[in-house]
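Colleague: To start, I am sharing the structure in question, which I have written as structure tokens.
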Amino acid sequence: MSDDLPSSYDVVVVGTGLVESIVAAAAARIGKQVLHIDKNKYYGQHWATFNYDDVQQWVGDKGEAPSPTHDPVDNLQFLATEESRRLVSDISQDWFGGVITKPKEPPKKSEAAAEGDAKADSTDEAPVTETLTADDTKAKLASLSRKFNIDLAPKLLFFKGPMVDVLIKSQVSRYLEFLGVQNILLCVNGVIELVPCSKSDVFSTRTVTIVEKRLLMKLLTTLQSYKDDSEELKELENSTFEDYLKQQNISETVQHYILYSIAMATQETTAAQGIKQAQAFLNSIGFCGNTPFIWPMYGTSEILQAFCRLSAVYGGIYCLNRNADFLVNVENGPCEGVYSNGGILKAQNVVVSTGLVPSCYVNRESPSECYQRAVLITNKAVFPGGKEGISLLTYPFLDSSFDPITLLELNSNTSSCPKGFFVVHLVSRKGKQKTPYEDFDKLIADIFSPSGEGDKPTILYKLLFTVDIISSTQVSDLPANVHSCSGPRCLSIDFHSSLQEAETIFKRMFPDDEFLPTPEAVEEVASEE
Amino acid sequence: MEEDVLTTLKILIIGESGVGKSSLLLRFTEDSFNPDQSITIGVDFKTKKLTTEGNTVRLAIWDTAGQERFRTLTPSYYRDAQGAILVYDVTSKQTFTKLDTWLSELDTFSTKSNIVKMVVGNKIDKDGREVSRDEGIKFARRHATLFIESSAKTQDGVQCAFEELVQKIIQTPGLWESMRSKNTISVDGDNNESEPSCGGWKCSLS
Ligand SMILES: Cc1cc2nc3c(=O)[nH]c(=O)nc-3n(C[C@H](O)[C@H](O)[C@H](O)COP(=O)(O)OP(=O)(O)OC[C@H]3O[C@@H](n4cnc5c(N)ncnc54)[C@H](O)[C@@H]3O)c2cc1C
Ligand SMILES: Nc1nc2c(ncn2[C@@H]2O[C@H](COP(=O)(O)OP(=O)(O)O)[C@@H](O)[C@H]2O)c(=O)[nH]1
Ligand SMILES: [Mg+2]
């Protein structure tokens, strides 16, 4: 082989999605020899975080199907990815005119100072506004390309959730920084309201009457009191969470808060599931201000890169921009490894993205998780009355015409965009729409305004795409030493399912070893003068 | 953070595999040197206090963890670094030529436009020099970086390299003073049961 890679491994991981990266880290961590490759020049694939130019390139690339290069090798059987699957479809992008406002930069100060002090400095200076045409917008975004960090799969972490536990335990957390989500919002009938999440929020909110406050407090306590696997909870498996809430003597407004914002449920969610989701939310409140959520600075891709770093620190070998064309397989036996750059890389275990699994192993009939995404770049916050920072808004359709849309708005503090801009992510389940993005159009008409009337934000850039993730549950009959990893499940806001999947794969390979144990006391701080 | 420490600075070490990056890091932080094996594995980052010209700073010095081998360093490796050490091996021309690529990678990914760079020609104890001191100096001048020659083996120039880099960082306005620390919240594994530790801004879980 051209490069001096070892030719045999405990685990070869193909694809740098989150599940793959966690598995790579966990295996390397316990001393297994790991090779981790990806055909792209960047980490993350469906989980990638892109700057504006990268997004343009990504949209452009979608047209051409990657052509697999067959290089026959004697007496070995390939499990080839015969056709490239179109996992991303209905892509379009548009630019619009609008007015941007940005705080005046303090004259001739270096970057870091400007970043930190701009808020203070700009209060007494008049903000600068700039009117852009659609063409101006296009040029402006291109010129600011690197100031954007745009997630293909935006996600949040529950402050007391399993992902945070693993990050702390494994010390992967030291490669990461987070921001709290400042505003939990709900938009019903075109009106955006701040959702009271914690008990102290309930006290201070003005959208709920005193009597209702009592009922709401009681209900929040009740929701938290259900025990996992209890009979009570089991009985609630056959009714919907919506019906459960209707029986609780609370107004519709409050029902909506709990159903859509706190449980992030739909009309179809069972009561048992809704209660579990509400618990995850409520259990994470009170540690990080009145928000259960934290957001990884610079985007989702940071999380998987942090796991890759852990893997590398423990000897994992990393090769991007490198194809592993086929799995090399002996008839009906275990997989021997992968075929890459004209050579064979032997592996005890092969971990691959579901997107790479040959279609004969994929059951396309079983339901897949298809979702719609929009990335908007806007000029103002959707909820001017909120705190400056990240907002998570739920946009339900009360007549059940569509599933709720989740909206995540990131301002410049998050490093997602330069000052004066906002990045807004939309996610919704694909299913009930007759035409693509029909539901997004309704949200956009409610919340945004092309002319900025009523202080509404204007959309300057809009990227739409539809993602069809193949879940590992759709894959069957692979050789026992080949493990497939699902792509991002954007319909759930957190990383829980990906983490579980990674742990399951790890346990299948190494049943007797601990999953991402805490590193032995490292002596980094020891050597001080 | 202790009273006497001005700030924590993030320093990166990059360059081709085998030039002695990990060795420089361990020589500086632990005053140790291992002549035989490649020690990249297991080195994550090390911290060390350094006092120069009356200022004490804490350095967090990051190793590549071997991810430089196939150019797979993650963008997050470069984030928020105030200083970068670009290492080549004076006995290998090829590692010197590759510095151009490393500089451009640094420019692509570093988030601070005024990051301080230092070029280090390592392994001066070895015979068979292929890159003269002059060539090194010229390269550094052309790219406006600091320059020093060193040996991780004999310790020559190592302390000096880090001191000069730190001095330059401290002299660079805006590079370190207004770190976002006022917005930073730390959520320690040990004490995260206690207070709501996150004032709503940035937090790190550790
Ligand atoms: C949100 C999203 C973003 C996407 N972005 C891109 C993109 O930027 N570029 C792109 O080419 N496709 C991208 N795709 C996938 C694309 O739409 C097609 O699925 C793809 O062209 C065919 O991929 P695949 O079937 O080979 O497996 P995928 O599911 O695309 O690949 C799974 C993983 O394996 C890696 N991989 C795939 N093939 C190889 C190989 N031969 N050798 C080594 N590693 C490999 C991928 O990088 C990825 O990490 C994206 C899909 C989604 C859902
Ligand atoms: N003679 C000599 N050998 C060195 C020096 N620095 C590093 N080495 C050796 O060079 C090899 C590679 O060093 P390492 O630190 O792993 O390089 P890295 O890949 O850049 O991190 C090891 O065998 C080291 O012992 C030096 O200054 N002089
Ligand atoms: Mg090294």
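The values are calculated or read from the model by the stated rules, or taken from the named source; none is laboratory data. It should be emphasised that the depicted structure is a prediction, and the values quoted were computed from it without experimental measurement. So basically every Cβ, Gly included, is an ideal-geometry build from the backbone, and we count neighbours across all protein chains shown. Side chains are part of the model used for accessible areas, which takes the heavy atoms of the whole protein and leaves out ligands, DNA and RNA. Shrake-Rupley method; radii C 1.70, N 1.55, O 1.52, S 1.80 Å.
Colleague: Would you check if there is a residue in the range A:445-452 being open to solvent by 60 Å² or more (accessible area, probe 1.4 Å), more than 20 Å from the chain's Cα centre (by Cα), within 13 Å of residue A:372 (Cβ to Cβ) and free of Cβ contacts under 8 Å to residues at least 12 places away in the same chain?
Modeller: no
Colleague: For the range A:363-378, what are the residues that are surrounded by fewer than 20 Cβ atoms within 10 Å (Cβ to Cβ) and farther than 19 Å from residue A:90 by Cα?
Modeller: Selection gives A:363, A:364, A:365, A:366, A:367.
Colleague: Are any residues in the range A:169-181 open to solvent by 30 Å² or more (accessible area, probe 1.4 Å) and at the interface with chain B (Cβ under 7 Å from one of its Cβ atoms), and if so, which ones?
Modeller: A:174, A:175, A:177
Colleague: Residues being surrounded by 23 or more Cβ atoms within 10 Å (Cβ to Cβ), assigned to a loop (DSSP other than H, G, I, E, B) and either among the aliphatic types (A, V, I, L, M) or in contact with a Phe, Trp or Tyr (Cβ under 7 Å, 6 or more places away or on another chain) (or both): count how many of those fall in the range A:299-320.
Modeller: Residues in the range A:299-320 being surrounded by 23 or more Cβ atoms within 10 Å (Cβ to Cβ), assigned to a loop (DSSP other than H, G, I, E, B) and either among the aliphatic types (A, V, I, L, M) or in contact with a Phe, Trp or Tyr (Cβ under 7 Å, 6 or more places away or on another chain) (or both): 1 in total.
Colleague: Moving on to the next point. List every residue pair whose Cβ atoms sit under 8 Å apart, with the two residues 6 or more apart in sequence or on different chains, where the first one lies in the range B:158-178 and is over 16 Å from residue B:52 (Cα atoms) and more than 11 Å from chain A (Cβ to nearest Cβ) and the second, anywhere, is modelled with pLDDT of 90 or more and assigned to a helix (DSSP H, G or I).
Modeller: Close Cβ pairs (under 8 Å, with a partner that is modelled with pLDDT of 90 or more and assigned to a helix (DSSP H, G or I)) do not exist here.
Colleague: Are any residues in the range B:142-156 within 16 Å of ligand 3 (Cβ to nearest atom) and either open to solvent by 40 Å² or more (accessible area, probe 1.4 Å) or of a type in the set (Lys, Arg) (or both), and if so, which ones?
Modeller: Across the range B:142-156, the qualifying residue is only B:153.
Colleague: In addition: Select, from A:477, A:468, the only residue that is within 13 Å of ligand 1 (Cβ to nearest atom), open to solvent by 10 Å² or more (accessible area, probe 1.4 Å) and touching a Cys at 6+ places or on another chain (Cβ under 9 Å).
Modeller: The match here is A:468.
Colleague: Is there a residue being assigned to a strand (DSSP E or B) and within 14 Å of chain B (Cβ to nearest Cβ) anywhere in the range A:375-383?
Modeller: no
Colleague: With respect to residue A:438, is the statement that it is without any contact (Cβ under 8 Å) to a residue 60 or more places away in the chain, surrounded by 20 or more Cβ atoms within 10 Å (Cβ to Cβ) and either among the acidic types (Asp, Glu) or under 30 Å from residue A:37 (Cβ atoms) (or both) true?
Modeller: When the stated conditions are applied, residue A:438 does not pass them.
Colleague: Moving on to the next point. In the set A:338, A:351, A:362, A:357, which member is in contact with a helix residue (DSSP H, G or I) (Cβ under 6 Å, 6 or more places away or on another chain), under 14 Å from residue A:14 (Cβ atoms) and of a type outside the set (Ser, Thr, Tyr)?
Modeller: Sole residue among the options that is in contact with a helix residue (DSSP H, G or I) (Cβ under 6 Å, 6 or more places away or on another chain), under 14 Å from residue A:14 (Cβ atoms) and of a type outside the set (Ser, Thr, Tyr): A:351.
Colleague: Given A:349, A:323, which one is open to solvent by 60 Å² or more (accessible area, probe 1.4 Å) and either part of a loop (DSSP other than H, G, I, E, B) or not β-branched (Val, Ile, Thr) (or both)?
Modeller: A:323
Colleague: Identify the single condition in (1) open to solvent by 60 Å² or more (accessible area, probe 1.4 Å); (2) small (Gly, Ala, Ser); (3) modelled with pLDDT of 90 or more that residue A:97 does not satisfy, given that it satisfies every other one.
Modeller: Condition not satisfied by residue A:97: (1).
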